[in-house]
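Student: Let me begin by handing over the structure; questions about it come next.
The values are calculated or read from the model by the stated rules, or taken from the named source; none is laboratory data. In this text the structure is predicted, and so the values were computed from the model without any measurement. Because the Cβ atoms are built from the backbone with ideal geometry, glycine has one as well, and the counts that use them run over all protein chains shown.
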Amino acid sequence: MLTVFLFLSNRKGGSMIAIYTRQSIEKKDSLSIDAQVKACADYCKAQGWEYEIYTQDHGFSGKSLDRPGFQAMMSAVRSGQVNKIVCYKLDRISRSVSDFAQLLQELEQYKCDFISVTENFDTSSPIGRAMVYICMVFAQMERENIQERVKSNYYYRSGLGFWGGGPAPYGYQLKRQQIAGKVHTVLEPDPNEAPWVKKMYEWYLEPGGSAMKILRLLTENQVPTKRGYKWTSRVLMDVLSKPLYTQNSMDVYNYLTQSGAVISNPPEDFDGTLSVDLYGKKDSSQSKHKRCRKGSDMYCNISLHEAIIDSDTWLQVQYKILARPKIGGRTGTSKNSWFTGLMICGVCGRHVSFTHSARTAGYYICSSRKNCGWNSCSSKPASKKKFDPIIVKFIRDHYDSPKTKAAIQQAKLAAKTPQVSIERNNLQMELATINNQIDNLLTSLASGNAVMSKYINDKITELDAKRTPLQAKLLQLDATSSVNDELKRLERIEWAMEQLPLVYTEDTFDLSVQVSQALVNNIVFNSDGEVTISFAI
């Protein structure tokens, strides 16, 4: 895109005339900047004006007036250097009626006229101003129609499983492929970038894996983004969260369904042989980024490209991403202790709370003694200044030990049971198919006659009888494996371990509380003045 305007000096009156030209994109059917300049210059020369190039801008369209070259010209108008603007057509200035209306008011305020060479409009006359408004209405309508056609084509192509449009995401490249006699664009793994996508997922699932660690590793390995820039956390999280990198398995189907996405393909199509594409329609009031939209605003289709990441790995990454913000307080609300909600009295079993006064540094005291009187429990107050360093040392020593780290990895391996996952996937596929059949029959039931209703009810009963044992078997598998919940718990522990070098300081209170709650089940204050810690693993 290119924006150009030129100043011309009026020999007769000493005033300045600005020629404004703009070209959105270089196309065969689009009038070039040079041609626009020539047309406007010829018009001006006929009036006895001379001109020189003032400035030019690249990369700006006519949908907004926020363009450096245009704004520089308007600054010249406001300072009195320009009293007339000449352009090739109205839509070179703007395609927005509201923007153009405000512009005309401002030009009128500074006594600056506007001329469209090809349309022969001159705002110095009332008829000229009226005609300009009418043409701008049609210009805006044309822009909105173009936008709607582009969006419709994008969604149509995506719905067929092809690439909707735009540059390929990192890890993929565009490929033109003939299908059913027509040439379409599909994605295929980029041999240079796809291995790095796999590395990103592997690094994230490693002990201590985080976005910051991956960014550092990408920088060390001199790996640029698709456009050659340095990686940022937002761009990286896009790669780690987009479903188009993974297989179209039933686990992915269920994950996206639970997020509220509208799934276009039937469950039986989710057989793990292709991939998926998630896209969302939005209006101007919505967030511009997909990750900021609600699941119900997103649409999912099976996409005709090869997955780079297997579904189990992709889901583990999603659960790790989701685990972080879900770490919250249990029962404690104190803003004075890193271990709020975790402390228990070893004598009576009640919670231990924190108390302090102007004369003391603070104590942990049994809530029974605090609320019901000193004789309700025989436990003694424990100095926060004494016990906090002891508890912190216990936590750090435990999670820094090779034995604990090995136990976490062993637990993660135990949670990943391929046989169970395959069986769960098959059961989920059968259940989803039956549920769809029942939903369709219920829809038919509403419009059927008495005879039809009898057969429909019989079929629903038959399908429900098939569904019941499948649901029972799935519940049994979930009860014995609990794969997702256990993996999420272990990922949360690993995240908290990453934070240990940073926490338990005065300026990291909230993070310290989250880390404590992820790594510790409870802290028991015993009657002998010692503490016993039950760790998460």
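Student: Could you run through the range 240-283 and say how many residues are over 18 Å from the mean Cα position of the chain (by Cα) and assigned to a loop (DSSP other than H, G, I, E, B)? Before the answer, list the steps.
Tutor: Filtering the range 240-283 for residues over 18 Å from the mean Cα position of the chain (by Cα) gives 247-251, 253-254, 263-275.
Now restrict to residues that are assigned to a loop (DSSP other than H, G, I, E, B): 248-249, 264-266, 270-274.
Total meeting the criteria: 10.
Student: Here's a check for you: in the range 337-364, which residue that is among the β-branched types (Val, Ile, Thr) and more than 12 Å from residue 526 (Cα to Cα) is modelled with the lowest pLDDT?
Tutor: Going through the range 337-364, the residues among the β-branched types (Val, Ile, Thr) turn out to be 340, 344, 347, 352, 355, 360.
When the remaining residues are screened for being more than 12 Å from residue 526 (Cα to Cα), the result is 340, 355, 360.
Details: 340: 78, 355: 79, 360: 62.
Ranking the candidates gives 360 first.
Student: Follow-up question, since we're still on this one. Would a scan of the range 221-228 turn up a residue that is of a type outside the set (Ser, Thr, Tyr), outside the structural domain of residue 492 (by TED's automatic domain parsing) and not in a loop (DSSP other than H, G, I, E, B)? Outline the logic, then answer.
Tutor: Taking the range 221-228 first, the residues of a type outside the set (Ser, Thr, Tyr) are 221-224, 226-228.
Still in the running and outside the structural domain of residue 492 (by TED's automatic domain parsing): 221-224, 226-228.
Now drop any that are not not in a loop (DSSP other than H, G, I, E, B), which leaves none.
No - not one qualifying residue is present in the range 221-228.
Student: Does any residue of the range 189-202 turn out to be surrounded by 13 or more Cβ atoms within 10 Å (Cβ to Cβ), part of a loop (DSSP other than H, G, I, E, B) and in contact with a helix residue (DSSP H, G or I) (Cβ under 6 Å, 6 or more places away or on another chain)?
Tutor: No: the range 189-202 contains no residue that is surrounded by 13 or more Cβ atoms within 10 Å (Cβ to Cβ), part of a loop (DSSP other than H, G, I, E, B) and in contact with a helix residue (DSSP H, G or I) (Cβ under 6 Å, 6 or more places away or on another chain).
Student: Could you give every pair whose Cβ atoms fall below 8 Å, whose first residue belongs to the range 497-522 and is on the phi > 0 side of the Ramachandran plot, and whose second residue is surrounded by 16 or more Cβ atoms within 10 Å (Cβ to Cβ) and small (Gly, Ala, Ser), counting only separations of at least 6 or pairs across chains?
Tutor: Listed pairs, sorted by first residue: 504/512.
Student: Quick check on my filter: what residues within the range 76-105 are at pLDDT 85 or above, part of a helix (DSSP H, G or I) and either aliphatic (A, V, I, L, M) or closer than 16 Å to residue 64 by Cα (or both)?
Tutor: Passing the criteria: 76, 77.
Student: Give me the pairs, please: first residue somewhere in the range 461-472 and within 13 Å of residue 432 (Cα to Cα), second residue anywhere and acidic (Asp, Glu), beta-carbon distance under 7 Å, and either six or more positions apart or on two chains.
Tutor: If the second residue must be acidic (Asp, Glu), the pairs left are 470/430.
Student: Answer yes or no as to whether residue 505 is more than 30 Å from residue 427 (Cβ to Cβ), touching a Phe, Trp or Tyr at 6+ places or on another chain (Cβ under 9 Å), of a type outside the set (A, V, I, L, M) and at pLDDT 85 or above. Break it down into steps so the answer makes sense when it comes.
Tutor: Numbers: more than 30 Å from residue 427 (Cβ to Cβ): yes; touching a Phe, Trp or Tyr at 6+ places or on another chain (Cβ under 9 Å): no; of a type outside the set (A, V, I, L, M): yes; at pLDDT 85 or above: yes.
Taking the combined requirement at face value, the residue does not satisfy it.
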